[in-house]
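Worksheet: one structure, shown below.
The values are calculated or read from the model by the stated rules, or taken from the named source; none is laboratory data. The model shown is predicted, which means the values in this text are computed figures rather than measured ones. Cβ coordinates were reconstructed from backbone atoms using ideal geometry, including for glycine residues, and neighbour counts include every protein chain displayed. Surface accessibility is based on the protein's heavy atoms, side chains included, excluding ligands, DNA and RNA. Shrake-Rupley method; radii C 1.70, N 1.55, O 1.52, S 1.80 Å.
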Amino acid sequence: MLTIIYGDAENSIYNTSIYFKNSYETQWLESDLAKRMIKDIDDSDVLSGECIMSPVFGQIPPERLSGGVKTLLLMLNEPDRIFNASTCGDNCAKWILEIGKQKDITINLRHMMSFGKDTKFEVKIQNGGEIVHSMKELVPIAHRYLTEMGRER
């Protein structure tokens, strides 16, 4: 199940690009799910765990993938850690939900991510323990926690 923490989260990894650069393993890119995420988000193809074919940059190392893809790969492969999903755009939301169906993951969000107006899901909001099933249910709860976060600054 996907769990979201809005606002600051103790032990959250905020700089996912640096963390990825220093911790990813080449086999992370070889799973079917990783290849589909990379194709969808970065429009790139995995040639190997060390080489990606980008239509813009040509052959690139995994460190040159977008911040969103790197964060998704971290969530997929290190589910016991909390990653800052605000490094991801809304185009990553469906993949975050997919990873959450396969594994229990907790993410940190500091903005309102759209998981899709008509998308049904089951997400736990750790701040207050609420379980939500749609954006209609999520928006007022997320807004409350994000507003509280803004007041604390």
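For the chain, set up a Gaussian network in which alpha carbons nearer than 10 Å are linked by springs, and say which option among N11, N84, N127 fluctuates the most.
Among N11, N84, N127, the largest GNM mean-square fluctuation belongs to N11.
Amide H to amide H under 5 Å from T106: which residues, 5+ apart in sequence or cross-chain, H placed 1.01 Å off N in plane?
Correct list: T3.
Take every Cα-Cα distance within the range 24-91, group them into 10 Å bins from 0 onward, and report for each bin the whole-number percent of pairs it holds.
22, 58, 19, 1
Report Rg/Rh for the range 7-54, rounded to two decimals, where Rg is the Cα radius of gyration and Rh the Kirkwood radius. Write out the running numbers ahead of the final one.
Values: Rg = 12.9 Å, Rh = 12.1 Å.
That ratio is 1.07, to two decimals.
For the range 8-153, what is the accessible area per residue in Å² when the probe is 1.4 Å?
Numbers: 7840 Å² over 146 residues.
Ligands and nucleic acids excluded, the figure is 54 Å² per residue.
When the chain is treated as a GNM, springs tying every alpha-carbon pair under 10 Å, which of G89, G67, G128 comes out with the largest mean-square fluctuation?
Taking springs between Cα atoms under 10 Å, the residue moving most is G128.
Have a look at D42, D90, D32 and tell me which one the Gaussian network model of the chain (Cα, springs below 10 Å) gives the largest fluctuation.
D32
Note down, for the range 69-153, the three equivalent ellipsoid semi-axes (square root of 5 times each alpha carbon gyration tensor eigenvalue), biggest first, whole angstrom.
Details: eigenvalues 77, 48, 30 Å².
Calculated on Cα positions only, the semi-axes equal 20, 16, 12 Å.
Give me the percent of the accessible area of the chain that comes from carbon and sulfur atoms, probe 1.4 Å, all protein chains in place. Can you show the working numbers first?
Values: 3710 of 7950 Å².
On the chain, the fraction of accessible area on carbon and sulfur atoms equals 47 percent.
Put +1 on the Cβ of every Lys and Arg and -1 on every Asp and Glu Cβ in the chain; which of F57, S23, L97 then has its Cα farthest towards the positive end of the dipole?
Value computed over the given set: L97.
Sequence-distant or interchain residues sharing an amide H contact under 5 Å with E130, placed H: which?
The list, which skips near neighbours in sequence, is I125.
What list of ³J(HN,Hα) couplings, whole Hz, do you get for the range 131-141 from phi and the Karplus terms 6.51, -1.76, 1.60, once you set θ to phi - 60° and write x for glycine and proline?
Here the 3J(HN,Hα) series is 10, 10, 10, 7, 5, 4, 7, 6, 4, x, 6 Hz.
Would you please name the chymotrypsin sites (Phe, Trp or Tyr not before Pro) within the range 37-127 that are DSSP coil residues with at most 16 other C-beta atoms within 10 Å of their C-beta? Present the calculation step by step, with values, prior to reporting the outcome.
Numbers: sites: F57, F83, W95, F115, F121; in loops: F57, F115, F121.
Loop-located and lightly packed - F57.
Count the lysine pairs in the chain that are 8 or more places apart or on different chains: how many have C-alpha atoms under 14 angstrom apart?
Value for the chain: 11.
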